[in-house]
Amino acid sequence: MFRSLLFTGAAITLMAQAPAISFDKTHHDFGRITPDRKVAAKYKVTNTGNAYLSITQVRPSCGCTYTMLGKWSLAPGESTEIEATFDPRGVKGIVRKSIEVVCNDPKTPSLSLTLEAEVVQEIMPSVEAVYFHQAVKSGTSRSQIRYASGNGEAVQIVDVKAPGAPFLTFAYRTEGKDQVLEVAFNGTKVPAGQFRGVEQATVRFSNPRMSQLPLNIQWDLKPSIQASPVELVFQDSAGKELRQKLTLKQADGKAFKITGTRPSLQGMKVEGLNQKGNLLDLTVVLPASVKAGRYSEVLVLSTDDPDQPELTVRVAALLK
């Protein structure tokens, strides 16, 4: 009986001997910081148990955060520090990161430390790219970007340049400590034969620590010739000729004609090519030789319209 009680007491004692990890805090808020300055936070870790605490891993959630640990093994009652350094270069806005700490505490084998910051650029653009989608060839489209002050100092644009893009003009004005840039896209100045593009503008500022920022400008022109339907769909049994109507309309009412076709599917042809006008009714023919299956093809039509020498029509077929 005495021996049984002795063993039971020893077992209870061994079970009670365990490390316990404790932190003075598990979250740190850096507040507002600039992207040119690294910041660091310290988390005090203490072994509040009665056995040695072994920290086996300290894993940041990304490469912009790295850590240093004073000691990997702590005796009961001993403390050390985990120092987390955050590099905000290339980051903006509110950022939240985590650090996973893995140890031999049986009750808390893994826990997360967190940090957050609001990375404030000296000059903060509302957008970094402008897209003029379906811009009209005969008019001007406009878009605005706000360059806001991130440090309380006034933003001042010196000039804006977009080499090789005569169809782009820029105007800017002051609103409080911000600058508002208006980008104008003049479709009438787009060189003949160009229908889409990507331009790289440079916005220069008088601010010494951020003297310039790039501005990406993408554009495409609204087709002068519009197809109806925009996609031809054939759904029928294989082994017979199939036909679909295709109507082409010139948006400005100018007469045009089709000068050639390039179908991606062998045997596909277009009837009614000898017409000229601002509205053409064509027939697209799928030959009986096309085998059963699912097809995704294109039909390229060449025209004599200088604003749109080519038009691409999607063709889908599901033949049983």
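Within the range 253-270, track down each residue that is touching a residue at least 24 places away in the same chain (Cβ under 8 Å) and not in a loop (DSSP other than H, G, I, E, B). Before the answer, list the steps.
Here is the first cut: in the range 253-270, the residues touching a residue at least 24 places away in the same chain (Cβ under 8 Å) are 253-254, 256-265, 268, 270.
Listed by number, the residues that qualify are F256, I258, T259, G260, T261, R262, P263, V270.
Of these, L248, L215, L232, which one is assigned to a strand (DSSP E or B), surrounded by 12 or more Cβ atoms within 10 Å (Cβ to Cβ) and not assigned by TED's automatic domain parsing to the domain that holds V284?
Details: L248 fails: not assigned by TED's automatic domain parsing to the domain that holds V284; L232 fails: not assigned by TED's automatic domain parsing to the domain that holds V284.
L215 is the lone residue from the list that is assigned to a strand (DSSP E or B), surrounded by 12 or more Cβ atoms within 10 Å (Cβ to Cβ) and not assigned by TED's automatic domain parsing to the domain that holds V284.
Please work out which residue is farthest from S61 (Cα to Cα), limiting yourself to the range 80-90 and to residues that are out of contact with any His (no Cβ under 8 Å at 6 or more places or on another chain) and crowded, with 17+ Cβ neighbours inside 10 Å.
We begin by selecting, within the range 80-90, every residue out of contact with any His (no Cβ under 8 Å at 6 or more places or on another chain); these are 80-83, 85-90.
From what is left, the residues that are crowded, with 17+ Cβ neighbours inside 10 Å are 80, 82, 86, 88.
Numbers: T80: 21, I82: 15, F86: 11, P88: 14 Å.
Restricting to residues being out of contact with any His (no Cβ under 8 Å at 6 or more places or on another chain) and crowded, with 17+ Cβ neighbours inside 10 Å, the top hit is T80.
Take the conditions (1) assigned to a loop (DSSP other than H, G, I, E, B); (2) in the same structural domain as G152 (by TED's automatic domain parsing); (3) surrounded by fewer than 15 Cβ atoms within 10 Å (Cβ to Cβ); N50 misses just one of them, which is (2). When V130, V102, V95, V58 are screened for being under 30 Å from A251 (Cβ atoms), modelled with pLDDT of 90 or more, surrounded by 14 or more Cβ atoms within 10 Å (Cβ to Cβ) and among the aliphatic types (A, V, I, L, M), only V130 passes.
Within the range 149-168, the set of residues being crowded, with 17+ Cβ neighbours inside 10 Å and assigned to a strand (DSSP E or B) comprises S149, I157, V160, L168.
Could you list all residues from the range 284-297 that are touching a Lys or Arg at 6+ places or on another chain (Cβ under 8 Å), exposed (fewer than 13 other Cβ atoms within 10 Å of the Cβ) and assigned to a strand (DSSP E or B)?
Pass one, the range 284-297, residues touching a Lys or Arg at 6+ places or on another chain (Cβ under 8 Å): 284-288, 292, 296-297.
Filter again for exposed (fewer than 13 other Cβ atoms within 10 Å of the Cβ), leaving 288, 292, 296.
Result: S296, single match.
Residue under question is R173, and the condition is that it be over 27 Å from the mean Cα position of the chain (by Cα) and of a type in the set (K, R); does it hold? Spell out the reasoning first.
Values: over 27 Å from the mean Cα position of the chain (by Cα): yes; of a type in the set (K, R): yes.
Spelling it out, R173 is indeed over 27 Å from the mean Cα position of the chain (by Cα) and of a type in the set (K, R).
Only a single criterion out of (1) under 16 Å from L248 (Cα atoms); (2) surrounded by 13 or more Cβ atoms within 10 Å (Cβ to Cβ); (3) in contact (Cβ under 8 Å) with a residue 24 or more places away in the chain is not satisfied by P306, namely (2). Figure legend. Inter-residue proximity from the range 282-303: first residues at positive phi, second residues surrounded by 14 or more Cβ atoms within 10 Å (Cβ to Cβ) and outside any strand (DSSP E or B), beta-carbon distance below 8 Å, spacing 6+ or different chains. Indicated pairs: G293/A238.
Inside the range 61-79, residues that are surrounded by 15 or more Cβ atoms within 10 Å (Cβ to Cβ) and either assigned to a loop (DSSP other than H, G, I, E, B) or touching a residue at least 60 places away in the same chain (Cβ under 8 Å) (or both) make up a count of 2. Here is the figure for the range 169-208: residues that are surrounded by 12 or more Cβ atoms within 10 Å (Cβ to Cβ), touching a residue at least 60 places away in the same chain (Cβ under 8 Å) and not in a strand (DSSP E or B) total 2.
The values are calculated or read from the model by the stated rules, or taken from the named source; none is laboratory data. Quick caveat: nothing in here was measured; it's all calculated off a predicted structure. In this analysis, Cβ positions are derived from the backbone assuming ideal geometry, glycine residues included, and neighbour counts consider all displayed protein chains.
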